[in-house]
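S.K.: The structure is given below, and queries will be raised subsequently.
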Amino acid sequence: MKGGGDGAVLYMSEIFDRFPYFIREFIYAHHWEALRDVQVAAAEAILNTDHNLLLTSSTASGKTEAAFFPVLTLLCEEMPASVGVLYVAPLKSLINDQFYRIEELLSESGIPVTHWHGDVSQSHKKKLLENPRGILQVTPESLEAMLINRSNDIVRLFGDLRFVIIDEIHTLTGSDRGNQIICQLSRLGQKIGHHPRRIGLSATVGDAERAAAWLSAGSGRETVVPRLEEGRIRWRLGMEHFYIQNSKTDQATEPKDAHDGPAALGYDAGYSYMYDCVSDRKSLVFSNSREETEYVCATLRQIAKMRGERDVFLIHHGNLSASIREEAEEKMKDEELLAVTCATVTMELGIDIGRLERILQNQSPNSVMSFLQRLGRSGRRGQPPEMMMVFREEDPLPNMPLPQLIPWELIKAIAIVQLYIEDRFIEPPRLKALPMSLLFHQTLSVLASSGELKLSRLAERVLSLPPFENVPREDYKALIVSMLNNDFLEMTEEKTLIIGLAGERLLRSFKFYAVFKDSEDYTVRCGADEIGTITTPPPVGDRFALAGRVWEVEELDIQHKLVYVKSVEGKMEVSWPGDFGEVHTRILERMRSVLEEDTVYPYLKPNAQKRLEQARHVARNTGMLTTSVIHLGGYSYCMFPWLGTKAFRAMRRMIKKHSAALGITGVEYEGCYFITFKMTKGNEYELTSYLADRVREKSDSADSLVAETEIPILEKYDDYIPPSLLRKSYARDALDFEKAQKRILEIEREF
């Protein structure tokens, strides 16, 4: 084993020598010359302490092996009498991928590894139930099902559990699904009488201390976060911009290598450029929604057909059947195929699909975290990561309103890249104070696994779970009363609580185990093949897009939620409801700086550079960079708050709350970039002064921004929560009232 110096060689050698023979053989077989820094740091924390571990390092840095090598070492030194390691991951595909990786590592060890989720056969699961040993890989939903349906068997299955490994924790921290895992681990620890050590893995954690606190919640253990030296940034990055339906050939650069040279206008300047970016390269094409992914995939296939070239395009998103997603994953792993997969966030996580030559991003990612995750999918095996971002927008006319003259997506992408280059900024975990939907779910789950409980005992068990530490007891009492009134719970003659009839109906469905929203989708079939799901079925004879192709409806089975189709030629748009995620305030602030500064960013291609120069010219000449409220003429105004989603939402609600006093009507907005409105009782100065006075008087509060008639339904079980609790939760977790107030005082000082 080679290292950087004599001490490193000795220490690495000590770690290597402690590994069991099958790990050493694995290392030799893969021709590793040394353990990586992340692997040394993980081994030191796992072998030499009894703490939890948060392991954050770049994609493809060897985090999985870093965690499993020392964990398996300890298991071999003293074999557990039950399942010894629980591996929890957010995606079935990630579990399947890691299953085969770990299976290879363990082939000579005698330690079994079992993957357990909805697509795994019962015979495979039965082996573990009969002889609980080794490593169990599960989704949060499968773990929830075990806690409810195998409550009496938990000690036999997990009584000697040593470690819980949670993968891709950046997707989980602060979400209901992540908090569900923390609840599950706390309940599991209560059942077996001890809290196993936890190991969190991620390539992108913005606030390591906050993430470590989340990981360790309720475990009674300290969490070690190794400080690994960050290497110099080595990227191949480009951004190019195109106007839609523009005949100007000078804006159509379409290179075979997306980093050099012009080419002629093709089928569509932007899409043709995208096609050439991935031509003859194994690539992923990311879009921010399933709708965009479907349209891009269909368009690239259409271009291939027009050019008489081979269709190498695959598709991967959450509404497709497992077989179609798995086909894309397998073809991407094949080193001989130059496949291109159009994907959403489902391909953003750490599924091993071999060496990718390029990532193509359609429009801007919404976060620094997402940008880094997507970029990190390429550049493995010693090559620098490579990404090309392509932006398409309607050619803005000179008489268009001011906000529509700014290419917001391009500016956002530049801000995201610069934030990481300059400050290594990644969005910190978002933590919920009042997760009411999860509270409803866990109340039913805890009671279902217990049979019956007194109210005081139920409250003690549920409110002691870490995600609910900020929930007042009176709020929980209000929830329980509502659940009793609506038959989710029932009070027995002995004054104990049991599951009510409505609660039984929820628990009977396998969908109960998931805490994320699921729509009542219709399954699409073409002959014997399952294609995927759609939310609203078109009538017989109509057409829709799915899996990058167009289908015509032949038959509808409404009762069984089935749509039978045949494949037809063409391309269509498809629409799904969805949330595109939150944008952090730091990104909006950096976007303002992008428009203010004269910096020439080396990754901008000619069209993008020209478009940025135009945007800067507009921004400076209109005064929108020095004054955040701009008079557009007549009674029309526009505000540029430069705030992230939650603070922008609070600002918008403050304006609407005081709209009558200021004569404000027609409030409209786009993303969190700007707010437009009509104002008849004042001007921009009077608006900001009025709002600033309200801040100084402290006459507003976050609660006051949520109307008493409002019922904010955001999470899966919000329909069953008393409206007063939903409003309280929304004010606390969906609005950043303090940041909006601070910004109002800053805007006042601009005048």
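The values are calculated or read from the model by the stated rules, or taken from the named source; none is laboratory data. Every value quoted in this text rests on a predicted model; they were computed, and no experiment measured them. No Cβ is skipped: glycine too gets one built from the backbone with ideal geometry, and neighbour counts run over all protein chains shown. To get the accessible areas, we keep the full protein, side chains included, count just its heavy atoms, and leave off ligands, DNA and RNA. Shrake-Rupley method; radii C 1.70, N 1.55, O 1.52, S 1.80 Å.
S.K.: Can you list residues whose amide H is under 5 Å from S378's amide H, if they're 5+ apart or on another chain and H is modeled 1.01 Å from N?
M.R.: Long-range HN contacts for S378: E386.
S.K.: Another one. Averaged per residue, what accessible area in Å² does region 521-637 show with a 1.4 Å probe, protein chains only?
M.R.: About 50 Å² of surface per residue is accessible.
S.K.: Rank P429, G159, P132 by how far each Cα sits towards the positive end of the charge dipole of the chain (+1 on Lys, Arg Cβ; -1 on Asp, Glu Cβ) and give me just the farthest.
M.R.: The residue sitting most towards the positive pole is P429.
S.K.: Report ³J(HN,Hα) in whole Hz for each residue of region 119-133, in order, from the Karplus equation J = 6.51 cos²θ - 1.76 cosθ + 1.60 where θ = phi - 60°; Gly and Pro get x.
M.R.: Ordered by residue, 3J(HN,Hα) equals 8, 8, 5, 5, 5, 5, 5, 4, 4, 5, 4, 6, 9, x, 8 Hz.
S.K.: If R₀ is 56 angstrom, what is the calculated FRET efficiency for the pair N486 and E335, using the beta carbon separation as r and rounding to 0.05?
M.R.: Values: r = 56 Å, r/R0 = 1.01.
The pair N486/E335 has a calculated efficiency of 0.50.
S.K.: Out of all DSSP beta bridges with both ends in the chain, state the antiparallel percent to the nearest 5.
M.R.: 40 percent
S.K.: I would also like to ask the following. Ignoring ligands, DNA and RNA, what accessible area per residue does region 341-474 give at 1.4 Å, in Å²?
M.R.: That works out to 33 Å² per residue.
S.K.: With a 1.4 Å probe and every protein chain left in place, work out the accessible area per residue of region 175-240 in Å², rounded to a whole number.
M.R.: Spelled out: the 1.4 Å probe surface of region 175-240, per residue, equals 40 Å².
S.K.: In addition: Considering all alpha-carbon pairs of region 415-568, what whole percent are spaced by more than 28 angstrom?
M.R.: More than 28 Å apart: 51 percent of the Cα pairs in region 415-568.
S.K.: Further question: Just to confirm a number: summing +1 for Lys and Arg and -1 for Asp and Glu over residues other than Y685 whose beta-carbon lies under 11 angstrom from that of Y685, what do you get?
M.R.: Local charge sum for Y685: -4.
S.K.: So if each residue of separation counts as 0.36 nm, and I subtract the Cα-Cα distance between E493 and K657, what length gain in nm does that give?
M.R.: Taking 0.36 nm per residue and subtracting the Cα distance, the gain is 54.2 nm.
S.K.: Students often get this wrong, so check it: of K63/K728; K92/K728; K432/K678; K432/K454; K63/K331, which have C-alpha atoms separated by over 31 Å?
M.R.: On the way: K63/K728 40 Å; K92/K728 34 Å; K432/K678 35 Å; K432/K454 28 Å; K63/K331 24 Å.
Listed pairs above 31 Å: K63/K728; K92/K728; K432/K678.
S.K.: Just to check I understand the Karplus step: with θ = phi - 60° and J = 6.51 cos²θ - 1.76 cosθ + 1.60, what whole-Hz values come out for region 605-622, glycine and proline as x?
M.R.: 7, x, 5, 5, 5, 5, 5, 5, 4, 4, 5, 4, 4, 4, 4, 6, 6, 8
S.K.: Return the long-range amide H neighbours of G200 (sequence gap of 5 or more, or a different chain), with a cut-off of under 5 Å between placed amide H atoms.
M.R.: L53, L54, L55, I166
S.K.: Cα to Cα, under 15 Å, and not fewer than 8 places away if on the same chain: which aspartates and glutamates meet these conditions relative to K126?
M.R.: Within the straight-line limit of under 15 Å, K126 reaches these aspartates and glutamates: D153.
S.K.: Can you give the net charge of the other residues whose Cβ lies under 10 Å from the Cβ of R649, counting K and R as +1 and D and E as -1?
M.R.: So the surrounding residues net to +1.
S.K.: To continue, here is another question. How far apart, in nm, are two points set 7 Å out from the Cα along the Cα-to-Cβ line at N152 and at N131?
M.R.: 2.5 nm
S.K.: Summing +1 for each Lys or Arg and -1 for each Asp or Glu, what net charge is found among the other residues whose Cβ lies under 15 Å from the Cβ of R525? It would help to have the intermediate numbers written out before the result.
M.R.: Details: positive: R549, K561, K566; negative: D521, D529, E530, E552, E554, E555, D557.
Surrounding charge for R525 is -4.
S.K.: In whole Hz, with x marking every Gly and Pro, tabulate ³J(HN,Hα) for region 644-655 from phi via Karplus 6.51 cos²θ - 1.76 cosθ + 1.60, θ = phi - 60°.
M.R.: Whole-Hz 3J(HN,Hα) from phi for region 644-655: x, 3, 5, 6, 4, 4, 5, 4, 4, 5, 5, 5.
S.K.: Now for a separate question. Between S175 and residues 5 or more places away or on another chain, which pairs have amide H atoms under 5 Å apart, with H built 1.01 Å from N, and which residues are they?
M.R.: Distant-sequence amide H within range of S175: zero hits.
S.K.: With no other cysteine's Cβ closer than 4.7 Å, which Cys residues of the chain count as lacking a disulfide-compatible partner?
M.R.: C76, C183, C277, C526, C638, C672
S.K.: In bins 10 Å wide, starting from 0, what share of all Cα pairs of region 122-181 does each bin hold, as a percent?
M.R.: P(r) for region 122-181, in whole percents per bin: 18, 51, 27, 4.
S.K.: So for the pair K517, R24, with labels modelled 7 Å out along Cα→Cβ, what separation do we get in nm?
M.R.: Between K517 and R24, the label points sit 5.5 nm apart.
S.K.: How much of the pair distance distribution for the chain lies past 34 Å, counting alpha-carbon pairs only, in percent?
M.R.: I get 55 percent for the Cα pairs in the chain exceeding 34 Å.
S.K.: Tell me the carbon and sulfur percent of the accessible area for the chain, rounded to whole percent, probe radius 1.4 Å.
M.R.: On the way: 15300 of 31880 Å².
Here carbon and sulfur together make up 48 percent of the probe-accessible area.
S.K.: Same structure again: State to the nearest 20 debye the size of the charge dipole of the chain about its Cα centre, where the only charges are +1 on K and R beta carbons and -1 on D and E beta carbons.
M.R.: Dipole of the chain, to the nearest 20 debye: 900 debye.
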